[in-house]
Amino acid sequence: MNVRDSGDQRSGRRSLSQRQLQPLAREVAASLPGVSHGRPFVEKLDVYKVGDKVFMIVTDDPDEKIITLKADPDHASALRDHFQTVTFGRYLDKGHWISVGAGRGITSQLITKLVKTSYQLVIETMSVRDRPKKDTV
């Protein structure tokens, strides 16, 4: 995914508010095959998995409304350079994870793509036997 194709105000797409970001990410993640979620670490972290592998963490902290997603390291770097509210991933490997907060250019289209890409990156690490029956995104 090209960073410039992700959409911003100039292309007519509206940036998401803090109230919109996490519900959208949860909705997209829940729609994907084989996804489960729970709070295995602490109450404020809603962890989304496919099989036994994490692909998204939603931080339920009113002072830190972010989602954390798996990303290709080069793409993660480009996203951090392009968007002020995309940072190194909290809680996980900084090279392969990003955290995303609401802000300029963070659109529903971008969040949908990032959640689905994170899911797909995790699916690709699973054995064919362990993958959900429908792993197309």
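Here are a few things to note about the model shown:
- Additional length obtainable on full extension of the chain from D93 to E27, 0.36 nm per residue less Cα span: 21.3 nm
- Candidate aspartates and glutamates for bridging to K116, where Cα separation is under 16 Å - those fewer than 8 sequence places away on the same chain excluded: D5, E27, D72, E124, D135
- Helix-only mean residue ellipticity at 222 nm for the chain, each DSSP H run of n ≥ 4 adding -39500 (n - 2.57), per residue, nearest 500: -9000 deg cm²/dmol
- Rounded to the nearest 20, the size of the Cβ-charge dipole of the chain about its Cα centre is 360 debye, with Lys and Arg at +1 and Asp and Glu at -1.
- Loop-resident trypsin sites (Lys or Arg not before Pro) (DSSP state other than H, G, I, E or B) in the range 71-130 with no more than 11 further Cβ atoms inside 10 Å of their Cβ: R104.
- With K and R counted +1 and D and E -1, the other residues having a Cβ less than 9 Å from that of K44 yield a net charge of -4.
- Which of F83, A30, H96, positive extreme of dipole for the chain (C-beta unit charges): A30
- Summary value for the range 3-126: 32 percent relative contact order, contacts being C-alpha pairs under 8 angstrom separated by 6+ residues.
- The range 74-101 versus the range 17-68: alpha-carbon centroid distance in Å: 16
Bear in mind that the values in this text are calculations on the coordinates, not laboratory data. Nothing here was measured: the structure is a model prediction, and the numbers come from that model. Cβ atoms come from the backbone with ideal geometry, glycine included; neighbour counts cover every protein chain shown.
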